[in-house]
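Please read the structure below before turning to the comments.
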Amino acid sequence: MQRHFAKLRTPDGTPLLWVGVNYWSRTGGPLMWRHYDAAVVDEELRTMRDHGVTLTRSFLYWPDFMPEENTLDPVMLERFDDFLERHAALGMHTVPTYLVGHMSGQNWDPAWRDGRDVFGDASFVAQQEWYVRETTARWKDHPAVAGWLLTNEIPIYADWPSRGIGTLDAPTVTDWAKTLTDAVRSTGAAQPVSIGDGAWGVETSGADNGFRIRELSALVDFHGPHVYNMENDVVRQHLGAAFVCELLDIGGKPVIMEEFGLTSDYASEENAAHYYRQVLHNTLLAGATGWIAWNNTDYDALEEQEPYSHHPFEMHFGITDSEGRPKEQLREIRRFTEVLGRTDAPRLRRPDARVAIVVSSFLEKMYPFTQPDDRTAVFTNTRQSYVAAREADLGAGLAREADGIPGDCALYLLPSAKQLTAPGWTRLRRLAESGATVYASYYAGEHAHQRGAWWPKLDETFGVRKQLRYGLADPVDDDELRMVFRRDFGGIAAGEELVLPVGGTENSRSYLPVEPDGADVLATDAHGRPALLRRRTGAGAFVLCTYPVEHMAARTPRVNPEPTWRLYAALAAESGAAPEVSVADPRVMTSLMEHEDGRRFVWFVSQHDEPLTVRPVLSGGAAGAGLTGPGGEELREFELPPFQVVVGEMAP
């Protein structure tokens, strides 16, 4: 299956990558236009440019730029004119953001809003439309303008307690977005435009905030996720933004990491740099083609100004300090741009995937009489599967059931999925008959409503006789799952034992009791019960795991790497989908990228806080032969420092 890697392009069609920063000057933060200091702006922009940052995301602070209805402040407009000129003089670009009513822990209304609904009040929407059209018309031909964003995180502005979840009406939101994107394009502006909402829709979270990405994708030129995940596991933390980028393969649009970063109040500078490195490289490998860090500077001089007075941690998200000195995060961006240059990244592509992780349509579809937990569980369980696949170096793609399961993969993973549609199961059966391996792990769900796997023809599909009792769960009483292999399987030897974590609720911490009926038992649990079975069918096979291994790992803190990656690696080997380059240590993740001229590059990304010795294995068993590092050195064996990245090149 194809994995998305869409890019923005220059007017002549040349692919480009955005490397930028969200920008407020240290002279005022959101109030910078009141305290505009051109010399400081010039200094801040030069520092960014000298470290490889060539783009800013800028903000038209709404209460200042539009002090009254049908009125733009001429002083603010002139100051933004100067701002654009300073970008152009430095060979830089900016993406203006129009509706800035929310920022950094505070909402600001224009004085004339008078409580009107953001999306549904016709008079208020008309004022937004006028504002967007007038400002776009003023700057649409300026060479420093790279694109446009309608808002900054407007679901928070519209309903901050819920962030829009369950409170915003999707058709009304979509109509509003169409009105404003049409306003941009009605001026003749040719630059790309997007929403600025954070891409927090149901398709990337399982929680519906009214901003449905599928419906909005027809209106925008790129998706712009804002990711500030906080996890209880370091690998899930490092891959959180990457997983969101994978999920944003919707409508063929580029994915721009519109916001990411961290406050220095929450992390040491060394660990902040590790986080930046992981997000930058892992999102690139997950299909992102632009990065706009939050944000350019610290604001220590603004401690008495809202929002910093009551959200003081917001003062220290900068990649420079309050004196304009670079932090290690900015140096990490510069090192990242050096890799982009060395690999000619705008002309890279991700190789097609031979392994697909099936994303149940229950993540995003509002099927009747289902529970919100059903949707969010798809996100959580699938993300853990993505982690395990990365640890196994599989280069898996995410196959959304809602888009139709592709037919060109050798291995399909259905991880701890309670629900799939009946046609989805029929599709998987046909793929197995045609030669694919289909793996599924049993999962009863986290709540008691219709508890159990909604799998039609479970017995016939997997070659078993289920021993379930209606209305009752079969609890996992052990503190760990000991999966003992009874025969060789894809590199796991007979007699070998995988010890997997156990977690979940009283409903989800349960297993599927079965007896084989045509299936071969590959592994048993500590009690001798079947834990992994395979039924051959046609030219392919079904593999059933009777435990929700992905879900149990997802509900366990500080768990990764855990042995599900061994199971996935074995499945890939058995199905003919073994990776071309791998490392036996799951703490090092490898990923391939292909250049349009035929060159191929391999990323080695450490997920460990101590140095590791890396011994790459190429398909066929060659130990790193023909693999060279950045300086031309052979990469048969090399040291990888904590959380570091090395990019090698494969010989033709």
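Selection of region 41-58 for residues being free of Cβ contacts under 8 Å to residues at least 60 places away in the same chain and either of a type in the set (Phe, Trp, Tyr) or crowded, with 17+ Cβ neighbours inside 10 Å (or both) yields VAL41, LEU45, THR54, SER58. Scanning region 527-543 for residues that are assigned to a strand (DSSP E or B) and hydrophobic (A, V, I, L, M, F, W, C) turns up ALA531, LEU532, LEU533, ALA541, PHE542, VAL543.
The set of residues in region 91-134 that are in a strand (DSSP E or B) and closer than 20 Å to ALA146 by Cα comprises HIS93, THR94, VAL95, PRO96, THR97, TYR98, LEU99, VAL100. Considering only residues in region 376-421 that are of a type in the set (D, E, K, R) and part of a loop (DSSP other than H, G, I, E, B), the one that is most open to solvent (accessible area, probe 1.4 Å) turns out to be ASP408.
Pairs linking a residue in region 484-498 that is part of a loop (DSSP other than H, G, I, E, B) to a residue that is open to solvent by 60 Å² or more (accessible area, probe 1.4 Å), with Cβ atoms under 7 Å and 6 or more positions apart or on different chains, are GLY490/GLU574; ALA494/ARG486; ALA494/ARG487; ALA494/ASP488.
A quick yes/no check of all residues on (1) within 19 Å of TRP62 (Cβ to Cβ); (2) aromatic (Phe, Trp, Tyr); (3) buried (at least 22 other Cβ atoms within 10 Å of the Cβ); (4) touching a strand residue (DSSP E or B) at 6+ places or on another chain (Cβ under 8 Å):
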position: THR135; (1), (2), (3), (4): yes, no, yes, yes
position: ARG138; (1), (2), (3), (4): yes, no, no, no
position: PRO155; (1), (2), (3), (4): yes, no, yes, no
position: ARG185; (1), (2), (3), (4): no, no, no, yes
position: TRP200; (1), (2), (3), (4): no, yes, yes, yes
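Could you tell me whether region 550-559 includes any residue that is open to solvent by less than 50 Å² (accessible area, probe 1.4 Å) and either outside any helix (DSSP H, G or I) or more than 22 Å from TYR412 (Cβ to Cβ) (or both)? So far as region 550-559 goes, yes, one or more of its residues are open to solvent by less than 50 Å² (accessible area, probe 1.4 Å) and either outside any helix (DSSP H, G or I) or more than 22 Å from TYR412 (Cβ to Cβ) (or both). All conditions in (1) of a type in the set (S, T, N, Q); (2) touching a Phe, Trp or Tyr at 6+ places or on another chain (Cβ under 9 Å); (3) assigned to a helix (DSSP H, G or I) hold for THR47, with the sole exception of (2). Evaluation of ALA432 against the conditions (1) open to solvent by less than 10 Å² (accessible area, probe 1.4 Å); (2) among the small types (Gly, Ala, Ser); (3) under 23 Å from ALA553 (Cβ atoms) shows that the sole unmet condition is (3).
Within region 599-612, none of the residues are open to solvent by less than 50 Å² (accessible area, probe 1.4 Å), more than 23 Å from ARG347 (Cβ to Cβ), modelled with pLDDT under 95 and in contact with a Ser or Thr (Cβ under 9 Å, 6 or more places away or on another chain).
Looking only at residues in region 583-598 that are open to solvent by less than 30 Å² (accessible area, probe 1.4 Å) and either out of contact with any strand residue (DSSP E or B) (no Cβ under 8 Å at 6 or more places or on another chain) or among the hydroxyl-bearing types (Ser, Thr, Tyr) (or both), the one that is farthest from LEU394 (Cα to Cα) is PRO586.
Would you mind stating whether ASP373 is part of a helix (DSSP H, G or I) and open to solvent by 60 Å² or more (accessible area, probe 1.4 Å)? Yes. Within region 206-227, residues that are more than 18 Å from ARG375 (Cβ to Cβ) reach partners that are basic (Lys, Arg) and assigned to a helix (DSSP H, G or I) with beta carbons closer than 8 Å, at six or more positions or on different chains, in the pairs LEU219/LYS178. Taken over region 502-525, the criterion of being open to solvent by 20 Å² or more (accessible area, probe 1.4 Å), in contact with a Leu (Cβ under 9 Å, 6 or more places away or on another chain) and not in a loop (DSSP other than H, G, I, E, B) is satisfied by PRO516, ASP520, VAL521.
The values are calculated or read from the model by the stated rules, or taken from the named source; none is laboratory data. This is a predicted model, so every value here is computed, not measured. Every residue, glycine among them, receives a Cβ derived from its backbone with ideal geometry; neighbour counts consider all protein chains shown. Keep in mind that these areas ignore ligands, DNA and RNA; they rest on the heavy atoms of the full protein, side chains included. Shrake-Rupley method; radii C 1.70, N 1.55, O 1.52, S 1.80 Å.
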